[in-house]
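One structure below.
Every number in this text was worked out from the coordinates using simple rules, so none of it is lab data. Note that the structure is predicted; figures quoted are calculated from it, not measured. Here the Cβ positions follow ideal geometry from the backbone for every residue, glycine too, while neighbour counts run over all protein chains shown.
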Amino acid sequence: MDAIATGQAAACRPDGAGPVRMYKPRRPQASPLFRLVADQFRTLQLVYDERFAPTYGAWRAVVPEVADKFLACGVLEHGFARVRCDACAHEYLLAFSCKARYFCPSCHAKRLALWTLWLEETLLAPVPHRQVVLTIPKRLHTWCLYRRALLGDLARVAARTVTAAVRTLTREPNLAVGVVACIQTHGSLANWHPHIHLLARARHGGLHRSVPPRRAPALRPARDPRGRRGRRHARVAHSGFPCGTSRSLPKAL
C-alpha cells in the first residue's frame with residue numbers, strides 16, 4: 001500500500017467545520033466496456049488464432065496483460081491508498097489505477113490531459129505550430145502489422161521527412177527543427193491503418209507554405225506468414241494512398 005497522502009481529501013472550510021465536498025469514486029464494474037471484457041475476453045483469446053489472426057495479425061502477449069490491468073483498475077479489492085486531510089481529519093480510500101494508454105478510457109484521458117499540459121507549458125515554444133499527418137501505402141500496412149518495431153522506424157522517417165521539408169522551404173540546410181511525432185495504428189472505423197501525426201513549428205519553420213504532392217513509387221507487396229494477404233495486395237491497382245494524385249503501379253515483380 002502506498003504511503004498515506006495528506007491534504008488531498010477535500011476542500012475544507014476556513015472555519016474547520018468540515019469538507020465542502022466529498023470524494024465519489026467511479027464505478028468501473030458498471031461500465032459496458034468493463035462488462036464486455038470481463039465476460040468475453042477469455043472466449044476471444046480461445047478463438048482469436050482461428051478467426052481473427054489472418055486479418056489482424058498474431059495474438060500479442062501484451063493484450064492479456066492490458067486486459068487484466070483494466071479489469072483491476074479502480075477496484076478497491078486490487079489495492080488502494082488511504083487519503084487523509086490534516087486540516088479536517090477526513091479520509092477516504094483511493095483505488096489504484098492501471099495507468100494504461102488507449103484501452104482504459106479513464107486512465108488514457110488523464111494521461112492525455114497531463115501530456116497535453118506538459119506540451120503546452122514545458123516543451124512547445126510560444127510560436128505558431130502546424131499538425132502534419134503522414135501515411136503509407138496500403139501495401140505496406142501488413143509489414144507494420146506483423147513487425148510492430150517498424151512503427152518506430154516509421155515515426156523516425158516521418159520526423160526526418162518533415163525536417164527535410166522545412167529545411168528545403170526555408171533554404172536553411174542546417175536548421176534545427178523541433179518535431180513531436182505520435183504513432184496511430186487505427187483509422188476512424190477501427191481498422192488497421194498505421195500513420196503518424198506530427199507537430200512542428202509553422203510560420204517561421206516554413207510549413208506555412210503548401211507542399212506539392214508526390215506520386216508513390218512502385219512497391220513490392222507485403223506478405224504475411226500465410227501468404228494470402230500478400231497475394232491479395234498484389235492485385236491492388238493503385239498506390240494505396242487515398243488521394244486523387246495517385247497512379248497505377250505495376251504488378252509485383
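If we sort 105-111, 119-125 on the protection proxy, mean other Cβ atoms within 10 Å, highest first, what's the order? Can you show the working numbers first?
Values: 105-111: 14.4, 119-125: 10.3.
Ranking, from highest mean packing down: 105-111, 119-125.
Treating each Cα of the range 105-173 as one equal point scatterer and applying the Debye formula with no solvent, the log10 of I(q)/I(0) at q = 0.17, 0.23, 0.25, 0.26 Å⁻¹ comes out as -0.96, -1.08, -1.08, -1.09. Here is the list for the range 95-162: chymotrypsin sites (Phe, Trp or Tyr not before Pro) lying in DSSP coil, each with at most 15 other C-beta atoms within 10 angstrom of its C-beta, are TYR102. The phi-based Karplus calculation (6.51 cos²θ - 1.76 cosθ + 1.60; θ = phi - 60°) puts the 3J(HN,Hα) values of the range 115-129 at 5, 5, 4, 5, 4, 5, 8, 10, 8, 7, 6, x, 9, x, 10 Hz, whole numbers, x for Gly and Pro. If you plug the beta carbon distance of LYS110 and ASP39 into 1/(1 + (r/R0)^6) with R0 = 22 Å, you get a FRET efficiency near 0.25. In the distance distribution for the range 38-140, Cα-Cα pairs more than 18 Å apart total 71 percent.
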